[in-house]
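Okay, structure first, notes after.
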Amino acid sequence: MPKLGVNIDHVATLREARKIDMPDPVDAAYLCLKAGCNSIVCHLREDRRHIKDDDVLKLRKIANARLNLEMSVAPDIVEAACRLRPDQSTIVPERREEVTTEGGLDVVKFEKKIRKVVARLEEMHIDVSLFINPVRKQIDASINSGARVIELHTGRYANTNSESARRKQLDVLRATAEYALSKGLEVNAGHGLNYDNVWDVARIDGINELNIGHSIISRSVFTGLYAAVKEMLELIK
Ligand code: PXP
């Protein structure tokens with residue numbers, strides 16, 4: 001059974017709607033952990049639109065929480081990560097104007113740059129994961145860049161409307177996960193997963209962790225965060 005990482009960015013998004021101190025993503029993290037998730041995920045964006053450096057610092061201090069920091073390869077963000085020392089960094093592509101991470105990292109194109117960032121983070125004892133589309137050549141490039149963990153972008157699977165296209169994307173995810181595992185990588189997956197579509201992805205052999213944000217935080221508005229995380233964990237189980 002894959003573990004669950006909960007992305008709490010949207011708690012900070014709500015806080016930033018008023019620019020005051022609530023709701024606090026640290027309180028959210030406590031509840032998610034109490035409900036049984038494995039790690040807390042947050043994205044320190046270049047424009048700091050939701051999560052701030054101080055949030056990461058506080059999240060870092062929660063006992064027993066594994067903190068997975070999503071980040072770009074921008075030099076100041078890499079240095080911030082080295083200062084903040086999450087347990088893991090997940091490198092994602094970032095565009096200022098996007099509403100969420102739109103696709104996987106092009107490791108093939110930016111391999112040299114990514115290799116340097118992987119080495120810098122590992123030097124600081126931070127595990128590094130690369131968020132990539134489920135494509136073999138991106139997996140090969142990830143290995144060449146020195147990463148030992150990847151996260152497969154499940155957006156295409158999650159966002160398709162037709163059942164046949166969904167099945168096809170599921171096959172792609174299954175085949176690429178198998179390929180990456182055969183190369184010795186740890187494989188995570190995420191983006192767009194929700195209470196209706198998580199089940200099939202959770203059944204893919206060998207996936208270590210699913211990282212889920214928007215659907216859990218959305219449901220929590222109605223059920224509370226503890227129940228929303230519990231329900232997701234039940235589905236994954
Ligand atoms: N994994 C990564 C690398 C992401 O960038 C995101 C979005 O922040 C997620 C998982 C979670 O995606 P969602 O909010 O759609 O569940």
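The values are calculated or read from the model by the stated rules, or taken from the named source; none is laboratory data. In this text the structure is predicted, and so the values were computed from the model without any measurement. Because the Cβ atoms are built from the backbone with ideal geometry, glycine has one as well, and the counts that use them run over all protein chains shown. These accessible areas exclude ligands, DNA and RNA; they are computed on the full protein's heavy atoms, side chains included. Shrake-Rupley method; radii C 1.70, N 1.55, O 1.52, S 1.80 Å.
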Open item on the list: What number comes out for accessible area per residue over the stretch 65-110 if the probe is 1.4 Å? Units Å², please.
Closed with: 43 Å²
TODO: For the chain, set up a Gaussian network in which alpha carbons nearer than 10 Å are linked by springs, and say which option among Ala165, Ala28, Ala177 fluctuates the most.
DONE: Ala165
Task: Range of Cα positions in the stretch 116-237 per principal axis (Å), largest first - done: 43, 36, 21
Task: Choice from Leu69, Leu210, Leu84 showing the highest fluctuation, given a GNM over the chain with Cα pairs closer than 10 Å - done: Leu84
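Could you tell me what percent of the accessible area of the stretch 146-237 is made up of carbon and sulfur, with a 1.4 Å probe and every protein chain present?
49 percent
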TODO: Convert 20 °C to kelvin, take the viscosity as 1.002 mPa s, use the Kirkwood radius over C-alpha pairs of the stretch 1-109 as Rh, and evaluate the Stokes-Einstein diffusion coefficient in µm²/s, rounded to a whole number.
DONE: 150 µm²/s
Open item on the list: Limiting things to C-alpha atoms, what are the Rg and the maximum Cα-Cα separation (Dmax) for the chain, in angstroms?
Closed with: 16.7, 48
Open item on the list: So if the hydrodynamic radius of the stretch 58-110 is defined as the Kirkwood radius over C-alpha pairs, what does Stokes-Einstein give as its diffusion coefficient at 10 °C and 1.306 mPa s, in µm² per second?
Closed with: 128 µm²/s
- [ ] Would you work out which of Asn7, Leu121, Val41 lies farthest towards the positive end of the dipole of the chain, given +1 charges on the beta-carbon of Lys and Arg and -1 on that of Asp and Glu, about the Cα centre?
- [x] Leu121
TODO: Quote the Stokes-Einstein diffusion coefficient, in whole µm² s⁻¹, for the stretch 53-179, based on the Kirkwood radius over alpha carbon pairs, a temperature of 20 °C and a viscosity of 1.002 mPa s.
DONE: 138 µm²/s
